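Below is one structure, written out as structure tokens; the observations come after it.
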DNA sequence: TTTAGCACTCCGGGAAAGTGAGTGCTAAAC
DNA sequence: GTTTAGCACTCACTTTCCCGGAGTGCTAAA
């Protein structure tokens with residue numbers, strides 16, 4: 001059953017007023033805000049209906065009205081005006097994304113901080129990739145007879161490297177053999193198969209080479225597994241404390257702890273479009289039951305996507321947050337698009 | 001003027017009781033805790049003296065006593081019993097330091113989280129190194145004609161690498177020339193001199209090689225500067241909210257914001273031993289004026305030291321925190337000592 | 001269907017009063 | 001001189017009570 005236009009307009013006013021003030025909104029205020037075309041008594045009748053229908057709630061008998069999650073949902077879906085970013089804001093976003101291309105994690109972390117301080121709510125960020133990460137190419141660079149550098153290029157074109165200290169001296173002439181072995185047998189396979197593969201090739205080479213090989217492979221496995229698993233970082237949790245709904249230390253603590261160590265259970269958009277909003281009880285995690293989350297995703301390249309989420313009270317300024325967040329998402333897509341380097345022939349598996 | 005033994009004992013009881021309860025301590029409680037050898041009236045006389053001398057404070061006329069910073073200082077210097085870690089605790093610390101040797105930053109961050117959750121206060125971590133970071137060795141690995149991998153080993157033996165996308169095609173045969181150039185002219189000099197040096201060698205090579213060279217050098221400069229500047233990470237800020245002194249959202253917010261973005265102004269021990277305690281107003285930063293900080297440092301190797309700090313209310317459990325923190329510091333020293341790999345002949349400059 | 005009017009509800013703040021932990025002082029005991 | 005018991009006093013904290021005001025729901029008129 002559709003709401004009348006007037007009811008919708010009233011709902012909109014209630015939501016927007018409540019978002020600003022965090023105080024229940026009374027009929028008189030609404031009447032004023034609607035330009036005096038109707039009296040407060042009329043509004044009261046409408047309000048009673050809206051409560052009846054579940055779009056609004058009344059903290060107690062003689063208080064104003066507060067939007068319910070259902071109310072927010074309707075607001076977000078139909079009533080909210082999609083905001084455009086001002087030039088100034090776009091400018092600011094781009095400025096905060098003037099990042100040197102460093103390691104991916106660091107870029108994301110920095111962007112996360114920028115997002116959080118730009119929307120004034122805590123933010124979290126992570127990445128998702130459909131394909132399993134594999135090694136694309138190995139190199140071994142001799143340093144001295146007791147150590148060498150492993151370089152591994154991964155299927156997402158990131159390059160990782162580390163100094164390895166060898167248990168045994170290795171003949172430098174034999175390094176090419178190892179490199180061939182690595183590139184021949186250990187590329188394009190998922191990390192969990194690498195140890196098996198290691199057994200397969202064990203007989204083909206002399207034992208002292210095998211030691212270095214297994215050290216290298218073990219490093220590769222670690223790296224791939226670590227880079228492949230989604231890490232969630234959060235930023236700006238302290239922003240919560242400015243909000244009246246989190247002045248209660250217990251509430252704030254609960255949510256902040258949740259944000260601090262939830263690595264897995266933060267909401268992620270699996271399927272649909274670039275933007276998603278979860279309101280209050282729509283969240284699965286208990287800790288988020290009376291908060292809202294706005295999420296956006298962006299392209300990183302190589303079939304990876306990045307994800308930004310913003311957490312706030314249900315009384316969140318959805319319009320502004322959504323606008324700014326998608327501004328950031330666009331900015332990040334552009335950032336990674338520009339710096340996206342490599343050809344990626346071999347990522348089929 | 002020295003305090004009598006009894007005064008000291010009373011001070012100790014007050015501090016330890018207050019640390020536990022966060023409530024002003026009364027004469028009766030003290031008398032009881034001292035085994036009834038003296039009456040509460042006697043204690044009251046002593047307390048009055050201790051207030052007079054500035055070791056204790058009285059929130060208001062008819063309240064119990066609370067230690068002043070001066071009182072805590074005496075406690076920390078003389079009265080506090082150096083705690084030993086229980087086997088169980090040592091075990092836990094070691095367990096939480098079972099880290100794979102990954103990138104330094106990540107290891108430190110992880111250790112920071114462990115520290116924080118082990119002492120139940122926020123922790124911050126950073127590194128300090130006396131010498132300027134330089135490049136020790138370069139390598140270029142061709143990928144295809146439009147891209148190659150730069151590998152740079154730094155003077156602290158860390159290895160960084162990245163895929164570079166080339167603006168111009170480069171003849172693979174010429175890479176060795178570049179590598180020689182890099183290793184000959186750009187090692188063991190601080191990053192800020194690299195651009196000058198780049199000018200110096202400009203004439204020696206053909207222009208299209210120069211482009212790749214300058215790209216590589218620019219990457220090297222970025223890397224060195226970034227790795228050389230101390231980054232401060234914080235963990236467990238939410239722990240604050242459990243403490244009665246931070247139930248006030250404004251106070252908590254102030255300190256948490258300070259921790260979140262203070263990259264420079266957190267206290268660092270410059271000189272002295274492995275452990276340092278700053279109490280309340282002994283801190284320089286305003287935001288820390290009524291908090292205390294316990295710091296420890298540990299060896300990373302290659303003339304770098306790591307630093308762990310713990311922030312809490314002046315009413316901090318100094319004995320326990322100090323013990324656990326130094327447990328961690330030892331653990332980390334051992335961790336880095338074990339995995340310390342390389343020979344370091346060339347770090348002289 | 002809208003509006004004005006009115007009695008009613010209930011939150012929030014502030015004053016008043018009671019409670020109790022703890023003190024400082026005095027005078028006696030050791 | 002030091003310690004102790006006794007006692008009146010102080011002051012934060014809690015509870016209770018009261019009141020104003022914002023906002024409601026209902027009714028009756030427009």
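Measuring from a point 7 Å out along Cα→Cβ, what nm distances, shortest first, does residue B:250 have to its partners in the other copies?
In nanometres, ordered from closest: 2.4.
In nm, give the distance between the simple-model label positions of residue A:42 and residue B:229, each being 7 Å from the Cα along the Cα-to-Cβ direction.
Going from the residue A:42 label point to the residue B:229 one covers 6.0 nm.
Counting C-alpha atoms alone, how compact is region B:35-116: give Rg to one decimal and Dmax as a whole number, in angstrom.
Radius of gyration, then largest Cα-Cα span, for region B:35-116: 21.3, 61 Å.
Which order, highest average first, do B:138-150, A:230-242 follow once you tally other Cβ atoms within 10 Å for each residue and take the mean per peptide?
The densest-packed peptide leads the list: A:230-242, B:138-150.
Give me a single rounded figure for B:276-283: the average over its residues of other chain Cβ atoms within 10 Å of their Cβ.
Per residue, the number of nearby Cβ atoms from other chains is 0 on average.
In chain B, which residue puts its Cβ closest to the axis that turns chain B onto chain A, and how many whole Å away is it?
B:161, 2
What percentage of all Cα-Cα pairs in region A:195-306 are separated by more than 24 Å?
50 percent
Express the C-alpha Rg of region A:135-228 as a ratio against the empirical globular expectation 2.2 N^0.38 Å, rounded to two decimals.
0.98
If you wrap region B:5-79's Cα atoms in a convex hull and average its projection over all directions, what's the area in nm²?
Average projection, Cα convex hull of region B:5-79: 4.4 nm².
Binned at 20 Å from 0, what are the whole-percent values of the Cα-Cα distance distribution for the protein assembly as shown, short to long?
Whole-percent P(r) values from 0 Å outward: 15, 40, 31, 13, 1.
Could you tell me what % of all Cα pairs in chain B have separations over 39 Å?
Beyond 39 Å sits 34 percent of the P(r) for chain B.
Per 10 Å bin, what is the whole-percent P(r) computed from every C-alpha pair distance within region B:225-277?
Taking all Cα pairs of region B:225-277, the binned fractions are 20, 39, 31, 10, 0 percent.
Would you mind putting A:112-118, B:18-24, A:222-228 in packing order, based on average other-beta-carbon counts within 10 Å, highest first?
So the order, starting with the most tightly packed, is A:112-118, A:222-228, B:18-24.
Mind telling me which of A:316, A:199, A:304 comes out most flexible in a GNM of chain A, alpha-carbon contacts under 10 Å?
A:199
How many Cβ atoms of partner chains, on average, are near each residue of B:233-242 if near means within 10 Å of its Cβ?
5
In 10 Å bins starting at zero, report the fraction of Cα pairs in region B:184-255 per bin as a rounded %.
Distribution as computed: 16, 30, 13, 11, 14, 12, 3 percent.
If I model a spin label as a point 7 Å beyond the Cα along the Cα-Cβ vector, how far apart are those points for residue A:192 and residue A:70 in nm?
Going by the 7 Å Cα→Cβ label model, 4.4 nm.
Sticking with the crude label model, points 7 Å out along Cα→Cβ, report the distance from residue A:262 to residue A:215 in nm, one decimal please.
Going from the residue A:262 label point to the residue A:215 one covers 4.3 nm.
Just B:294, B:51, B:66 to compare: in a GNM of chain B, with alpha carbon springs under 10 Å, which one fluctuates most?
B:51
Efficiency by 1/(1 + (r/R0)^6): what FRET value for residue A:254 and residue A:282, r their Cβ-Cβ distance, R0 = 22 Å, to the nearest 0.05?
For residue A:254 and residue A:282, the calculated efficiency is 0.75.
Based on the Kirkwood radius over alpha-carbon pairs, what is the Stokes-Einstein translational diffusion coefficient of region A:1-42 at 4 °C with 1.567 mPa s viscosity, in µm²/s?
Calculated translational D: 122 µm²/s.
Would you give the gap between the C-alpha center of region B:1-74 and the C-alpha center of region A:163-217, rounded to a whole Å?
So the two Cα centres are separated by 67 Å.
I'd like the mean, over residues of A:211-223, of how many other protein chain beta carbons sit within 10 Å of each residue's own Cβ.
For peptide A:211-223, the averaged partner shielding equals 1.
Would you mind checking the tilt of helix B:318-339 against the longest principal axis of the Cα atoms of chain B, expressed as 0 to 90 degrees and rounded to 10?
Tilt relative to chain B: about 20 degrees.
Using a label point 7 angstrom from Cα along Cα-to-C-beta, what distances in nm, from shortest up, separate residue A:130 from the other copies?
Label-point separations across copies, in nm and ascending: 5.6.
Any idea what the residue B:89 label distances to the other copies are, label 7 Å down the Cα→Cβ vector, nm, shortest first?
Distances between equivalent label points, in nm: 5.1.
Since every read-out is calculated from the coordinates, none of them should be taken as a lab result. All figures in this text were calculated on a predicted structure; none of them were measured in a lab. Ideal geometry is used to build each Cβ from the backbone, glycine not excepted, and the neighbour counts take in all protein chains shown.
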